[in-house]
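Written below as structure tokens is the structure these notes are about.
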Amino acid sequence: MSNFPNSFSIPLDKWIDGIMEWLLINLEVFFDFIGFVILNVIVTFENLFLFIPWFIFIPLVGFLGWKFVGKKSIAITFMLMLLLIGSFGYWELSMKTLSLVITSVFFSLLIGIPHGVLMARSDKLESIMKPILDGMQTMPSFVYLIPALMFFGMGKVPAMFATIIYAIPPVIRLTNIGIRTVDKEVIEAALAYGASSKQVLFDVQIPLAKPSIMVGINQTTMMALSMVVIGSMIGAKGLGMEVLLAINRIEVGKGFEAGISIVILAIIIDRITFSFSKKR
Amino acid sequence: MEEKQIVIKELWKIFGKDPKRVLKNDNLGLTKTELKEKTGCVVGLKNINLEINKGEFYILMGLSGSGKSTLLRNIIRLVKPTSGDIVINNKNITKMTNDEILEFRKDTFGMVFQHYGLLPHLTVIDNVAFGLKIKGLSKEERYSKALEVIKTVGLSGWEYNYPGNLSGGMQQRVGIARALANDPDILLMDEPFSGLDPLIKREMQDELVELQDRLKKTIIFVTHDLHEALKLGDRIAILKDGEIVQIGKPEEIVTNPEDSYVKEFVKDASPAKVLTAGCVMEQPDVLIYSWEGPRTALTMLRSSNRKIAFVVNKHKEFLGVVNESALLKIIDNEPSATNIPKEIIKPRAFVHLDTLLEDMFHIMAKEPLPIAVIDENNKFKGKITTDILFENIIPLGGHNE
Ligand SMILES: Nc1ncnc2c1ncn2[C@@H]1O[C@H](COP(=O)(O)OP(=O)(O)O)[C@@H](O)[C@H]1O
Ligand SMILES: [Mg+2]
């Protein structure tokens, strides 16, 4: 009696597989196109970061740190940390990881900000999107790898696809909140002077929501970084893959170096993007 | 006939689902609370009818939630009326499409908000030029006009500061400058000075009055502060639960409150700040015409048992006062005099018809004698005595119960 009756089974797995199959067959061209676009953007960023020599890149990051975070000591720390990555022999892999992060953030913002704006302008859409976003954020990150693998096979593109999906909720959410919390009187003032709803959006709502949107960008970027590392499980080359290899070969020291490099990237990206949200 | 700038007819605003269904005959008589219970809808405005003249300083007054802001927002159609007509500059704005409304707002209105409604990410000059930018003017045109109005409101030198660095009073000056920059026909002001401290508030009120004298805009001004209303308004409309309960000149409102709600409002109005000489003056028992001669004057004085009286000339212009003994002396010395000679007419203080009682205290304090009231052409209109003055400064609530 302790066995659940075999005759009662809901074949959800079969249904989902069926849907996926249908999607794969019927939307093949569509997924090919998306894969093509993502790949090209990755390659462009990769070429860019690998083209810039380290002795220019490091001072450049130092300058950004000084300019945006606002302290010389921070700029110097950033530069020393990057030198450390170089000394581990992970410069090239770091640049690859960075280009993956930047590509996924690029797409996340491209898709996420307009969705946040739409969500802010419609209560109905908000009530539909909110539970979806909540669900997305509680889902374990590697779950996204499975459909990504099915659509795109192994490699960078599925890793990117999964990363974009995983990292997009914060920017949507915070764009929505930022726009919704703009002072109603300010919007009324703009309307009273004859502004159209487009003018209100671009001249009032988005500028005033900017700090909030920037916090969203910061969070999205951090999530993208963590997912890019996980994405190495399906073949995205970068620091994450080094950690994975080190685990397989039980090379604790190597894994540690790669891990530290990831943490360094995370700190630098976080500090710089976070500083944007503080600017007027 | 004064030119009408705004005519509002049978305006209703109901907030809630499907508001038109609420406007059925059997609902129209219900109070706000009854209607809320029956239909779930909130009455914003209930059958508003009013006319505002060009150049008028019109006050909307009432307790919080009485519908003042809603009425103001209907006029610029930030809130869409449920039914009724609003005609502005002979155009019915309730019939306009959205695009027409946008254009109409740009040309017609300037609006000032309680919390200023400024854009924190723009400098003072860009805030002031905001309406002009929306109108599509070039940066040069915008800035030259903006600089001009910034000067008008006394903010020169602050053009490139951000609103966040300015005091409340200064921020509201930016708000007013922004409204003036468009050169609108109508200024809408929603409790613009409520958030300011009393001294700044008074200063801004004085400046607004001055500005109005100069620019002759039509102003619709929302306030819940009676003294502000009385000080600024040409006319005051009092709202209660979305209905107008009384419309009148300031002195009509305080002297003749129509119901208990208005009475409650004007209870602690200080009449000295509202009533003018013209409202309270009395006619003198004797008025002496200088050309009638000393003998007639003397007879008139004696017949009314007076020792002294006001004198006017042929045009009824106020000259001063004469007393009995001076008249007697003249009659003795120059029995043939046909006119009262200037030398015996003594000067006497006078005030104008629109002088507030408040401003007469210091005159009366110096010399507690009856004073003359004259109009803008120096014509004698009446007199005010210390008795009259004191009778009229008892708080208004006092003699209504
Ligand atoms: N958008 C709205 N939705 C529902 N009710 C509203 C809305 N705006 C105003 N009201 C109601 O209309 C009434 C008048 O409000 P308002 O015009 O803001 O009053 P006042 O400006 O005199 O304080 C209030 O009862 C208020 O709750
Ligand atoms: Mg209000």
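The values are calculated or read from the model by the stated rules, or taken from the named source; none is laboratory data. Small disclaimer: the values here were computed from a predicted structure and weren't measured. A quick note on method: Cβ atoms are made from the backbone with ideal geometry, for glycine too, and the neighbour counts reach across all protein chains shown. Heavy atoms of the whole protein, side chains included, go into the accessibility calculation; ligands, DNA and RNA do not. Shrake-Rupley method; radii C 1.70, N 1.55, O 1.52, S 1.80 Å.
A few comments on the model shown:
- Filter result for B:PRO163 (surrounded by 19 or more Cβ atoms within 10 Å (Cβ to Cβ), more than 16 Å from ligand 2 (Cβ to nearest atom) and within 29 Å of the chain's Cα centre (by Cα)): no
- Close Cβ contacts (under 7 Å, 6 or more residues apart or on different chains) running from residues in segment B:86-115 that are under 30 Å from B:GLY195 (Cβ atoms) and more than 8 Å from chain A (Cβ to nearest Cβ) to residues that are of a type outside the set (A, V, I, L, M) and assigned to a helix (DSSP H, G or I) comprise B:ILE86/B:ASN74; B:ILE86/B:THR94; B:ILE88/B:THR108; B:ILE93/B:PHE104; B:VAL112/B:GLY175.
- Between A:ALA167, A:ALA190, A:ALA209, the distinction of being buried (at least 20 other Cβ atoms within 10 Å of the Cβ), in a helix (DSSP H, G or I), touching a residue at least 24 places away in the same chain (Cβ under 8 Å) and within 14 Å of chain B (Cβ to nearest Cβ) belongs to A:ALA209 only.
- Selection status of A:LEU125, more than 30 Å from A:PHE57 (Cα to Cα) and without any contact (Cβ under 8 Å) to a residue 60 or more places away in the chain: yes
- Any helices (runs of 4 or more DSSP H) falling wholly within segment B:251-313 and containing at least 3 residues that are in the same structural domain as B:ILE345 (by TED's automatic domain parsing) and in contact with a Leu (Cβ under 6 Å, 6 or more places away or on another chain): B:293-303
- Where a residue in segment B:262-275 is under 19 Å from B:ARG235 (Cβ atoms) and its partner, wherever it lies, is acidic (Asp, Glu), with Cβ under 8 Å and at least six apart: B:LYS273/B:GLU358; B:VAL274/B:GLU251; B:LEU275/B:GLU251
- Condition check for A:LEU145: away from chain B (no Cβ under 14 Å) and open to solvent by less than 30 Å² (accessible area, probe 1.4 Å): yes
- Residue in segment B:151-161 that is part of a loop (DSSP other than H, G, I, E, B) and in contact with a Lys or Arg (Cβ under 6 Å, 6 or more places away or on another chain) present: yes
- Against the numbered list (1) within 13 Å of chain A (Cβ to nearest Cβ); (2) more than 24 Å from B:VAL222 (Cα to Cα), B:THR70 comes up short only at (2).
- For segment B:235-245, the condition of being within 16 Å of ligand 1 (Cβ to nearest atom), away from chain A (no Cβ under 14 Å) and part of a loop (DSSP other than H, G, I, E, B) holds for at least one residue.
- Taking the criterion of being in contact (Cβ under 8 Å) with a residue 24 or more places away in the chain, away from ligand 2 (no atom under 13 Å from the Cβ) and open to solvent by less than 10 Å² (accessible area, probe 1.4 Å), the residues of segment B:27-49 that qualify are B:CYS41, B:VAL43, B:ILE48.
- Residue in segment A:236-243 that is open to solvent by less than 20 Å² (accessible area, probe 1.4 Å), in contact with a helix residue (DSSP H, G or I) (Cβ under 7 Å, 6 or more places away or on another chain) and within 14 Å of chain B (Cβ to nearest Cβ) present: no
- Residue tally, condition exposed (fewer than 14 other Cβ atoms within 10 Å of the Cβ) and touching a residue at least 24 places away in the same chain (Cβ under 8 Å), over segment B:338-351: 4
- Filter result for B:LEU119 (more than 11 Å from chain A (Cβ to nearest Cβ) and either more than 30 Å from B:ILE48 (Cα to Cα) or open to solvent by 10 Å² or more (accessible area, probe 1.4 Å) (or both)): no
- Residues in segment B:354-389 that are of a type in the set (Asp, Glu) and either over 17 Å from B:GLY320 (Cα atoms) or open to solvent by less than 40 Å² (accessible area, probe 1.4 Å) (or both): B:ASP354, B:GLU358, B:ASP359, B:ASP375, B:ASP387.
- Unmet requirement for B:ASP183, which otherwise passes all of (1) within 13 Å of chain A (Cβ to nearest Cβ); (2) open to solvent by 20 Å² or more (accessible area, probe 1.4 Å); (3) modelled with pLDDT of 95 or more; (4) more than 22 Å from A:SER197 (Cα to Cα): (3)
- Candidates are the residues of segment A:193-206 that are open to solvent by less than 30 Å² (accessible area, probe 1.4 Å) and more than 7 Å from chain B (Cβ to nearest Cβ); the one that is farthest from A:ALA120 (Cα to Cα) is A:VAL200.
Matching residues to (1) more than 16 Å from ligand 1 (Cβ to nearest atom); (2) in a helix (DSSP H, G or I):
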residue	(1), (2)
B:GLU34	no, yes
B:GLY44	no, no
B:ASN47	no, no
B:GLY55	yes, no
B:SER66	no, no
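- Qualifying position, being within 16 Å of ligand 2 (Cβ to nearest atom), over 21 Å from A:LYS184 (Cβ atoms) and assigned by TED's automatic domain parsing to the domain that holds B:PHE193, among B:MET96, B:MET111, B:MET61: B:MET61
- Residue in segment B:85-99 that is within 16 Å of ligand 1 (Cβ to nearest atom) and of a type in the set (Ser, Thr, Tyr) present: no
- In segment B:214-227, residue most open to solvent (accessible area, probe 1.4 Å) [restricted to those that are farther than 18 Å from B:ILE52 by Cβ and outside any loop (DSSP other than H, G, I, E, B)]: B:ARG214
- Looking across A:ALA195, A:ALA159, A:ALA189, one residue alone is within 17 Å of the chain's Cα centre (by Cα) and not aromatic (Phe, Trp, Tyr). It is A:ALA159.
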